Amino acid sequence: MIKLYNFPMSPRARKVRIALAEKGLQYEKVTVDITKDEQKKSEFLAINPNGKVPALQDDGTNLYESSVIMEYLNDKYPTPPLLPADPGQRARARVLLHYGDNPFDSACAAIVGEVFFKPKGQADQNAITKAKQDLTAVFEHIEKELGNREYLAGPFSLADISFASWVPLFGSLQIEVPANCPRVKAWLARLAERPSVKAAS
Ligand SMILES: N[C@@H](CCC(=O)N[C@@H](CS)C(=O)NCC(=O)O)C(=O)O
């Protein structure tokens, strides 16, 4: 059976949980409590030498890096597909997955670092303001990419998952979509309503 090394609050582990739910796959969850540094223990470092969740084991394959894991699941369990079949559309979906994993993930992670990991009252407000400015630029870019599509690549894809995994944290991080991005706002609301996203939250 598929084994997911998971932490419930982790947005990167949530990506994998959403992909597993979309595919309707059964799996075993093994909790690695990152608040207790369990990810740095030698038993777990043997599974992910980077000492981070998620990691996944399936059929003798040992994997880490959330987007690599999602691509593996999509290759091994192709139904329903989570990338478009057309090579050009597929590449565009991967560009947007990469965009979610980089400027978007980095800005959200910067806010998490200040809000959740600094002692109360010691969050660096300048760092939060800068990360929120970066997020505005991300949302404005995604507004253009979405156009009239329902999801980033047309049908729901791995690219959407990269963003959806952070949505449950928006309230506590006080992340708001700017008024000039109505398509992003509607798309994030659609993502939040997907059963896979709800199940993984
Ligand atoms: N690029 C990695 C990032 C994984 C990551 O940073 N995971 C966080 C939880 S969301 C973690 O394990 N943090 C603990 C640590 O860095 O020690 C991925 O996408 O899998």
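The values are calculated or read from the model by the stated rules, or taken from the named source; none is laboratory data. On a predicted model such as this, the values are computed, not experimentally measured, just so you know. So basically every Cβ, Gly included, is an ideal-geometry build from the backbone, and we count neighbours across all protein chains shown. The area values use the complete protein model at the heavy-atom level, side chains included, leaving out ligands, DNA and RNA. Shrake-Rupley method; radii C 1.70, N 1.55, O 1.52, S 1.80 Å.
Here are a few things to note about the model shown:
- Filter result for LEU97 (touching a Lys or Arg at 6+ places or on another chain (Cβ under 8 Å) and surrounded by 13 or more Cβ atoms within 10 Å (Cβ to Cβ)): no
- Filtered residues of the stretch 35-77 (kept if β-branched (Val, Ile, Thr) and open to solvent by less than 60 Å² (accessible area, probe 1.4 Å)): ILE47, VAL53, THR61, ILE69
- The set of residues from the stretch 20-46 being more than 12 Å from the ligand (Cβ to nearest atom) and not polar (S, T, N, Q) comprises LEU20, ALA21, GLU22, LYS23, GLY24, LEU25, TYR27, GLU28, LYS29, VAL30, GLU43, ALA46.
- Selection from the stretch 74-111 of residues that are touching a Leu at 6+ places or on another chain (Cβ under 7 Å) and more than 21 Å from ILE142 (Cα to Cα): ASN74, TYR77
- Test: residue in the stretch 129-146 that is within 15 Å of the ligand (Cβ to nearest atom) and among the aromatic types (Phe, Trp, Tyr): no
- Residue match in the stretch 28-46 (condition: among the β-branched types (Val, Ile, Thr) and touching a residue at least 40 places away in the same chain (Cβ under 8 Å)): no
- Failed item in (1) closer than 21 Å to PHE156 by Cα; (2) near the ligand (Cβ under 10 Å from one of its atoms); (3) open to solvent by less than 10 Å² (accessible area, probe 1.4 Å), with ARG12 passing the rest: (3)
- Qualifying residue in the stretch 100-120 (condition: open to solvent by less than 80 Å² (accessible area, probe 1.4 Å), among the aliphatic types (A, V, I, L, M), in contact with a strand residue (DSSP E or B) (Cβ under 6 Å, 6 or more places away or on another chain) and farther than 28 Å from LYS144 by Cα): no
- Extreme residue, nearest to ALA200 (Cα to Cα), among residues of the stretch 64-90 that are in contact with a Pro (Cβ under 9 Å, 6 or more places away or on another chain) and within 11 Å of the ligand (Cβ to nearest atom): SER66
- Complete set of residues in the stretch 49-80 that are under 18 Å from the mean Cα position of the chain (by Cα) and touching a residue at least 40 places away in the same chain (Cβ under 8 Å): LYS52, VAL53, PRO54, ALA55, LEU56, SER66, SER67, ILE69, MET70, GLU71, LEU73, ASN74
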